[in-house]
Structures are given as C-alpha cells and as structure tokens.
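Quick note: the coordinates plus some simple rules give every number you see, no bench work behind them. The shown structure was predicted, so the numbers you read here are calculated from the model rather than taken from an experiment. For neighbour counting, all protein chains shown are included, and Cβ atoms are generated from backbone atoms with ideal geometry for every residue, glycine included.
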Amino acid sequence: MRLEINGAFVELAIGDITDETSDAIVNAANSALAGGSGVDGAIHRAGGPQIMEECRKIGGCPTGTAVITTGGRLKAKYVIHTVGPIYEDGLQNEPKLLANAYKSSMALAIKHELKSVSFPSISTGAYGYPLQEAADVALKTVAEFLLSHGRPNNVRFVLFSQTAFDAYKSALEKLKTS
Ligand code: AR6
C-alpha cells in the first residue's frame, strides 16, 4: 500500500525490518543506546557488533532525537537510531516526542542524502504507546515532513504483525481523506 506525497512515496509493508534493502533502517532504541529487546535486539543481532561499537562512541540519544551509525552486516548501509517516548497516560507530551523521533530521523536521512528509509512502529512495543494513536502520529508527521521537504524519496513502514499493518493502513487512509 502506497501514497505519493510531494513526489515522494510512503509505503506500508508487513515484515522484519532487518531484511530491508533501504539506504537506512530506523531502530527504536533507548536513550542510552544500550541495546535491548524487540526491534533493537533484532537489528544488533543481524547487523553485528560494529553497530554497538559506534553507539558506545556516540554515548546516548535523548528522547525525540536521532543518531546514525553504520548498518554493519545489514543490507541497509546505515541504521538511524531514534528514541520514542515511554507511554504513561498521553498527557506527558508523548505525541510531540513521538513526532520528534520521526522528524529527527527524516532530517538525518536528508542530511546524509539517503533516498530510502524504513521505519518500525516506534514506541508501540516495550514502550507501550497505543498502536492506533502511534500510527496516526507517525503517518501524519511523515506526511507533513514530505510536504515541506519532498525527501527522502521512499519512506517505508515495516510492520511486524497484521494488527500493526491494519492500524497504519487506517492511519494512511485518514491522511488520504484529510
Ligand atoms: N521488524 C519490524 N518490527 C519489529 C521487529 C522487527 N524485527 N521486532 C519487533 N518489532 P519495540 P519500543 C516491532 O519494543 O516500543 C527495546 O528494548 C514490535 O512488534 O522494539 O520503541 C529498546 O532498547 C513493535 O510493534 O520498541 C528500548 O529500550 C515495534 O517494533 C525499547 O525496547 C516497536 O517495539 C523501545 O521500545
């Protein structure tokens, strides 16, 4: 499923993000860049130790910001590590922090002249962000970014389950009609 925005494409897929061939895949990291479970664990396992070596040198990544490392053994050349908010009650600035995580990642992709970037569903696993709300924030933020920048040319959301795919599909359909 795909939507064109300002000459760029937003695409939804079901799959494992570590198989992506985009220029960069985005990691749902923690602010210590210490590695962990979920997509973070999968990326470090598939990409090998070089990614963690660079993370250690960088040292950390405050919530809502992003940093870039090698993709190590991954097909993707780079990993953009971003940190979404831990969801508490929705009143702790969570939507803004989640939007900032997507914006920072997109800005870093442009800075490095990357044409394609693949995102997981940030904050919706261990960090507990309600899936549909997170999907709405993710797609609205990416659409707004593409409207003003027109790049990166291809933004893919790689969802790990049919449920996640359906939530993002519904968010994409809302965008089409807005
Ligand atoms: N490919 C695509 N999506 C995946 C994959 C994969 N291989 N594996 C899991 N997901 P989470 P968070 C989905 O918990 O909520 C870590 O310990 C998963 O189904 O990975 O941002 C970090 O170190 C879910 O929908 O990230 C942090 O401490 C989504 O990815 C913390 O978890 C995000 O789930 C970050 O939590």
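Numbers at a glance
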quantity	calculated
Distance between the stretch 62-99 and the stretch 1-61 - C-alpha centres, whole angstrom	9
Extension gain from Asp89 to Arg2, taking 0.36 nm per residue of separation minus the Cα-Cα distance	28.1 nm
Label point 7 Å beyond Cα of Glu144 along Cβ direction - residues of the stretch 82-117 with amide nitrogen under 13 Å	95-104
Chain lengthening between Leu175 and Lys57 when straightened (0.36 nm per residue, less Cα-Cα)	38.6 nm
Rh (Kirkwood; distinct C-alpha pairs) - the stretch 1-65, Å	13.6
Ratio of the Cα radius of gyration of the stretch 2-177 to 2.2 N^0.38 Å, where N counts its residues	0.93
Lysine-lysine proximity count for the stretch 19-178, Cα under 12 Å, sequence distance 8 or more or distinct chains	5
Difference of contour (0.36 nm per residue) and Cα-Cα distance, Ile110 to Lys77	10.4 nm
Per-q log10 I(q)/I(0), the stretch 46-146, q = 0.11, 0.13, 0.18 Å⁻¹ (Debye; single scatterer per alpha-carbon; no solvent)	-0.33, -0.47, -0.87
